[in-house]
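Heads up: the structure comes next, in structure tokens.
Just so you know, all these numbers are worked out from the coordinates, no wet-lab data involved. Worth saying up front: this structure is predicted, and the values here are computed from it rather than measured. Here the Cβ positions follow ideal geometry from the backbone for every residue, glycine too, while neighbour counts run over all protein chains shown.
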Amino acid sequence: MFNYVFDEDGVYIRNLSNSAEHHGIGQYRFPHNYELVGSGYTIYEGDRKHHLSFIRKDYMELDGKGCEYEALKIAAKIYFVRLGFNVAVVDLEQSSITLIVGETYFYGKIGSPASSGFSEKSAHSDARDEMAGTAVAWVLGCQRYVVHEFLEDGKCRVRWSPKEEEMNDHPYCATKIKEPMYLVDIKGTVPYYVCAPVLTNRFIALQDYDRMLTVGCVMGGGMIPTMISGYARFLGEESITDTPSWITT
């Protein structure tokens, strides 16, 4: 009954935001964020650099090449941004941007080497081994969730609802944004008839283990990536996993 509302004539209408029948894993997604509109950032990593310019609410340019974008905010000055089929974490708190173009990672520092006090070292860094031995279930919608078990450095076991018994081991990498916030990139296909799109072959998400929140996207097969938000449910002692060491209960 809670998944229905009355119209003005007293007829039941499905409440799609609760039923999840049409919204799937994207139904809990945070509202689009437009705080980056009008801003531009040049980022450096060694002798490489990129420039990001957010022109309008749905259009930006990466190194002068335009694409549509979506931004979700997870902290006061930290954003997960989908740049077409690429991804960035814009961290204005630490003046750092992690940019993923295809398979290539770029840990960029905002600014200019000519600027006074500029440091070329990004605050973000590779952190794959820090995830090993932890696990979490991310609730992405009404009866929609995914379980990630980080078995060892570079190996993650993934289970999607509603077929949690079907598990697959996939390669992953992780970037430490700040303690305890990580960007996780898991590559691998999904089984048929689960809540992830059938063409999914990559899951990229920014995960905040302090506030137990995640924002990110699933992508694959040329489909427009699906933006997601969710909350964490760590698995209990009766399960096969332990909570991360940085979580206190």
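Quick one: 37, 190, fewest Cβ neighbours within 10 Å first, how do they rank?
37, 190
Once label points are set 7 Å from the Cα along Cα→Cβ at both residue 178 and residue 127, what is their separation, rounded to one decimal in nm?
Simple spin-label model gives 1.1 nm for this pair.
Any chance you could run the full-extension gain for residue 55 through residue 164? It's 0.36 nm times the residue separation minus the Cα-Cα distance, nm to one decimal.
My answer for the length gained is 35.0 nm.
So what are the three principal axis dimensions of the range 126-233 from its Cα atoms, in whole Å, longest to shortest?
Each principal axis gives a Cα extent; for the range 126-233 these are 35, 27, 24 Å.
How many angstrom lie between the Cα centre of the range 157-187 and the Cα centre of the range 34-101?
If you average the Cα positions of each part, the centres end up 23 Å apart.
So how far apart, in nm, are the two label points at residue 34 and residue 153 if each is 7 Å from Cα heading toward Cβ?
4.6 nm
Among all lysine pairs in the range 40-123 that are eight or more places apart or on different chains, how many have alpha carbons less than 22 angstrom apart?
12
Extending each Cα 7 Å along its Cβ direction at residue 198 and residue 48, get the distance between those two points in nm, one decimal.
Taking the simple label geometry, residue 198 and residue 48 are separated by 3.6 nm.
From the Cα gyration tensor of the range 40-123, with a ≥ b ≥ c the square roots of its eigenvalues, which class applies: rounded if a/c is under 1.5, or else prolate if a/b is larger than b/c, or else oblate?
Verdict is prolate for the range 40-123.
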